[in-house]
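Peer 1: Sending over a structure as structure tokens; questions will come in a sec.
The values are calculated or read from the model by the stated rules, or taken from the named source; none is laboratory data. Everything quoted here is computed from the prediction, not taken from an experiment. For neighbour counting, all protein chains shown are included, and Cβ atoms are generated from backbone atoms with ideal geometry for every residue, glycine included. Areas reflect the complete protein model, heavy atoms only, side chains present, ligands, DNA and RNA absent. Shrake-Rupley method; radii C 1.70, N 1.55, O 1.52, S 1.80 Å.
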Amino acid sequence: MITSTTDNLEGFKIVKYLGVVIGYGDDPDDALEDLIDVAEDMGANAVIGIRISNELTTEIISDENYAVPELTYYAYGTAVIVEKID
């Protein structure tokens, strides 16, 4: 799987845009791994325009009656099919 933060891949031609893909995880690597899995399931061989962000969330522990802060990472980009330019 080719991954890039840019919108174009030098030496490749985008032949089909498959759509936005989002992955999430406990750290940036997990989020990117999840993103790649989603893109592969869509039939993509590349993801372009990748961005990674995070969000502070809270998990409510109802039986303990308190909230635990969690940091969740999100990776998002555009799944595409590319062909190498000869």
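Peer 1: Can you name the residue in region 16-31 that is open to solvent by 50 Å² or more (accessible area, probe 1.4 Å) and either within 22 Å of Glu83 (Cα to Cα) or touching a helix residue (DSSP H, G or I) at 6+ places or on another chain (Cβ under 9 Å) (or both) and is also modelled with the lowest pLDDT among such residues? It would help to see each step written out before you state the result.
Peer 2: If we filter region 16-31 for residues that are open to solvent by 50 Å² or more (accessible area, probe 1.4 Å), which is where we start, we get 16-17, 20, 22, 24, 26-30.
Still in the list and also either within 22 Å of Glu83 (Cα to Cα) or touching a helix residue (DSSP H, G or I) at 6+ places or on another chain (Cβ under 9 Å) (or both): 16-17, 20, 22, 24.
Numbers: Lys16: 98, Tyr17: 98, Val20: 98, Ile22: 98, Tyr24: 94.
Among those residues, the one meeting the criterion is Tyr24.
Peer 1: Which residues, counting only those in region 34-44, are exposed (fewer than 14 other Cβ atoms within 10 Å of the Cβ) and either within 12 Å of the chain's Cα centre (by Cα) or assigned to a strand (DSSP E or B) (or both)?
Peer 2: Correct list: Asp37 only.
Peer 1: Would you check which residues across region 68-79 are open to solvent by less than 80 Å² (accessible area, probe 1.4 Å) and within 16 Å of Leu32 (Cβ to Cβ) and list them?
Peer 2: Leu71, Thr72, Tyr73, Tyr74, Ala75, Gly77, Thr78, Ala79
Peer 1: For region 45-67, how many residues meet the condition of being open to solvent by 50 Å² or more (accessible area, probe 1.4 Å) and farther than 30 Å from Glu10 by Cα?
Peer 2: The qualifying residues number 11.
Peer 1: For Leu18, are the conditions met, namely being in a strand (DSSP E or B), of a type in the set (A, V, I, L, M) and free of Cβ contacts under 8 Å to residues at least 60 places away in the same chain?
Peer 2: Criteria not met by Leu18.
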